[in-house]
Amino acid sequence: MRRRKLPLMVLGIFGFQFSIAQTNTFPTTGNVGIGTTSPQSKLQVVGGISVNGRNATAGVNGFGNGIQLIDPSHTSIIFNPGEPSQLMFGFHTNGSMYWGNNTSYSMSLTKSGDLRVFNTLAVGSGLLPGYKMSVAGKLAAQEVLVTTSNWPDYVFNTDYKLRSLAETEKFISNNGHLPEVPKAEDAEANGISLGEMNKILLKKIEEITLHLIDMEKKNLKQQELIEKLLLKSDR
């Protein structure tokens, strides 16, 4: 009987020494620790984690399922939980993913591929102060919608004071550009706002249109006067 117990005792001692040397423990709390003897969760790892292989459930679009989170409700990966520096990468049951901190979301991505940045976005460069998005390089689009206000149809109001062509000529001579239009050096140094520039250009087109209408009326009157004079001369 003693010979049978001795190997079990030896194995028990060696097993105990091995677990302590690796600081792995299986306490009575039910928590499992790797690299720690006092795990605070079901599984706590002190050190890096490497995943080789995949889970039995297939991944998406041919990708392997290396790590899976299973929860009937929303779940997330938390950095520094409970701390002021806490960050969250969350998964919602509606199919969306969220990035955020203790108080708000910073970005979200829906299952259908709609990406929303809640604050600012810089592509290829630092963000320009005062703008929600900056792009260093060319931007291609099929259509651009620019919301604006104070559209310059007020030019057609009867109380609008239309600058005469003589006044415009004098302004150009003194300043080297049209009234209200940015100077070349300012536009090249600071850029232009598409919404504001479109309003300025439309205003100039409307003012030119009024001048053309006025010129046409004068031309018609002159033509009528010429025809009357011709009739008198024929008599």
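Here are a few things to note about the model shown:
- Test: residue in the range 123-135 that is at pLDDT 95 or above and open to solvent by 90 Å² or more (accessible area, probe 1.4 Å): no
- Hey, residue 139 within 30 Å of residue 106 (Cβ to Cβ) and surrounded by 10 or more Cβ atoms within 10 Å (Cβ to Cβ) or not: no
- Total residues in the range 42-80, condition closer than 28 Å to residue 101 by Cα, among the small types (Gly, Ala, Ser) and surrounded by 10 or more Cβ atoms within 10 Å (Cβ to Cβ): 2
- Scan the range 187-213 for residues that are open to solvent by less than 70 Å² (accessible area, probe 1.4 Å) and in a helix (DSSP H, G or I) and the total you get is 13.
- When the residues of the range 77-119 are filtered to those that are of a type in the set (Val, Ile, Thr) and not in a strand (DSSP E or B), the one that is farthest from residue 132 (Cα to Cα) is 93.
- If only residues of the range 158-174 that are open to solvent by less than 80 Å² (accessible area, probe 1.4 Å) and within 18 Å of residue 212 (Cα to Cα) are counted, the one that is farthest from the chain's Cα centre (by Cα) is 166.
So that you can scan it fast, the table gives a plain yes or no per residue for (1) at pLDDT 95 or above; (2) hydroxyl-bearing (Ser, Thr, Tyr):
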position: 153; (1), (2): yes, no
position: 156; (1), (2): yes, no
position: 160; (1), (2): yes, yes
position: 166; (1), (2): yes, no
position: 171; (1), (2): yes, no
position: 178; (1), (2): yes, no
position: 181; (1), (2): yes, no
position: 191; (1), (2): no, no
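- Annotation for the range 143-154: at least one member residue is aliphatic (A, V, I, L, M), surrounded by fewer than 10 Cβ atoms within 10 Å (Cβ to Cβ) and out of contact with any Phe, Trp or Tyr (no Cβ under 8 Å at 6 or more places or on another chain).
- All told, residue 117 falls short of being over 19 Å from the mean Cα position of the chain (by Cα) and open to solvent by less than 80 Å² (accessible area, probe 1.4 Å).
- Verdict on residue 145 being without any contact (Cβ under 8 Å) to a residue 40 or more places away in the chain and under 30 Å from residue 195 (Cβ atoms): yes
- Of all positions in the range 34-49, none carries a residue that is among the hydrophobic types (A, V, I, L, M, F, W, C), in a strand (DSSP E or B), modelled with pLDDT of 90 or more and within 35 Å of the chain's Cα centre (by Cα).
- Scan the range 82-106 for residues that are open to solvent by 80 Å² or more (accessible area, probe 1.4 Å) and either of a type in the set (A, V, I, L, M) or modelled with pLDDT of 95 or more (or both) and the total you get is 1.
The values are calculated or read from the model by the stated rules, or taken from the named source; none is laboratory data. Predicted, not measured: the structure shown is a model, and the values here were computed from it. Here the Cβ is made from the backbone with ideal geometry for all residues, glycine too, and neighbour counts use every protein chain on show. To get the accessible areas, we keep the full protein, side chains included, count just its heavy atoms, and leave off ligands, DNA and RNA. Shrake-Rupley method; radii C 1.70, N 1.55, O 1.52, S 1.80 Å.
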